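Below is one structure, written out as structure tokens; the observations come after it.
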There are 2 protein chains.
Amino acid sequence: MLSKKTKYGLKALAYLASQRDNNPVQIAEIAKQENISQKFLESILLTLRKTGFLGSKKGKGGGYYLIKKPSEILMTDVMRILEGPIAMVPCVSLNFYEKCSDCPDENACSVNKLMLQVRDANLEVYRNNTLADILV
Amino acid sequence: MLSKKTKYGLKALAYLASQRDNNPVQIAEIAKQENISQKFLESILLTLRKTGFLGSKKGKGGGYYLIKKPSEILMTDVMRILEGPIAMVPCVSLNFYEKCSDCPDENACSVNKLMLQVRDANLEVYRNNTLADILV
DNA sequence: AAATAATCTACTAAATCGATAGGATAAAAG
DNA sequence: CTTTTATCCTATCGATTTAGTAGATTATTT
């Protein structure tokens, strides 16, 4: 299951990307328009800022804005920040690799064999989609 | 993340599929060979039996065995039973569809647009793999 | 009758998720 | 310089899920 965090984060990014200009948009506006708990969204936008996707401005006329162009924001990067590893098991993860404690040999593991394919299929999708591509 | 339940369930199925004959194999043997908590595996094999993947036999010489040929056991079916919906959000699920409460229009939703692609990519993998295909 | 192995019910510790509360900080307006 | 605005930060919380355990029951074989 996709976490609400990821879901809301994606919606917020899409909302910002579909603005006419790139002026700061307040959390309150995004939360209201996208039906998201404002406080929860706050923490999500904060992580997106700390990880280099968003810029922010305090005080009147402040808010969040995209730092890069939507077409330069890859879904692989967004998903890894919001949802975590793309792989379903650590032993097939490119960025978060870890050996399974219960598995003596990855090459002799059926789960590994299946999940490698799943990982590749998902990567393919995320690599082929930028924020610009998922706008409606 | 793949749950341990699914991981262990797949390993158990693979273990049974790689037996020379289709004689019953005891829980204890599978648990030991695959480094799985026996009691936990017990409950997993029980659901696999109740959902028509396994047969069982009590008493001496008893255990679990595959009901169908490995090449006839589709990963789509196994995954849906063990892990639940293949889709990451209910609004793109084929078998477990549900409308998102926060989303007025699915066709205008970026998350929906991305997750549809993810679902299709995953389905493609699971449909193209039977239990026989993931044996090592 | 004894041994064997699956079946069933109930419980629990730990982790995660989604959300909330409340104050601190920075910027702009007056 | 004070007030207002809006982000920033820390801490906490209830509910749910996950992974596993305990123990008794039932069915089959020897």
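FYI, it's all coordinate maths here, none of it is from the lab. In this text the structure is predicted, and so the values were computed from the model without any measurement. A quick note on method: Cβ atoms are made from the backbone with ideal geometry, for glycine too, and the neighbour counts reach across all protein chains shown.
Before moving on, here are some points about what is shown:
- Single unsatisfied condition, A:Asn107 versus (1) within 12 Å of DNA strand D (Cβ to nearest atom); (2) not in a strand (DSSP E or B): (1)
- Residue match in the stretch A:33-49 (condition: away from chain B (no Cβ under 14 Å), polar (S, T, N, Q), more than 16 Å from DNA strand D (Cβ to nearest atom) and without any contact (Cβ under 8 Å) to a residue 24 or more places away in the chain): no
- Top-ranked residue in the stretch A:19-46 [being among the charged types (D, E, K, R) and assigned to a helix (DSSP H, G or I); ranked as nearest to DNA strand C (Cβ to nearest atom)]: A:Lys39
- Of the residues examined, A:Arg20 is one that is among the charged types (D, E, K, R), away from every other protein chain (no Cβ under 14 Å) and away from DNA strand D (no atom under 16 Å from the Cβ).
- Residues of the stretch A:54-80 satisfying the condition of being within 16 Å of DNA strand C (Cβ to nearest atom), without any contact (Cβ under 8 Å) to a residue 60 or more places away in the chain and not hydroxyl-bearing (Ser, Thr, Tyr): A:Leu54, A:Gly55, A:Lys57, A:Lys58, A:Gly59, A:Lys60, A:Gly61, A:Gly62, A:Gly63, A:Arg80
- In the stretch B:43-63, the residue that is surrounded by the most Cβ atoms within 10 Å (Cβ to Cβ) out of those that are of a type in the set (A, V, I, L, M) and in contact with a strand residue (DSSP E or B) (Cβ under 8 Å, 6 or more places away or on another chain) is B:Leu45.
- Out of B:Leu66, B:Leu123, B:Leu114, sole residue that is surrounded by fewer than 18 Cβ atoms within 10 Å (Cβ to Cβ) and either of a type outside the set (Asp, Glu) or within 8 Å of another protein chain (Cβ to nearest Cβ) (or both): B:Leu123
- Tally, over the stretch B:126-136, of residues that are of a type outside the set (Asp, Glu) and more than 7 Å from chain A (Cβ to nearest Cβ): 6
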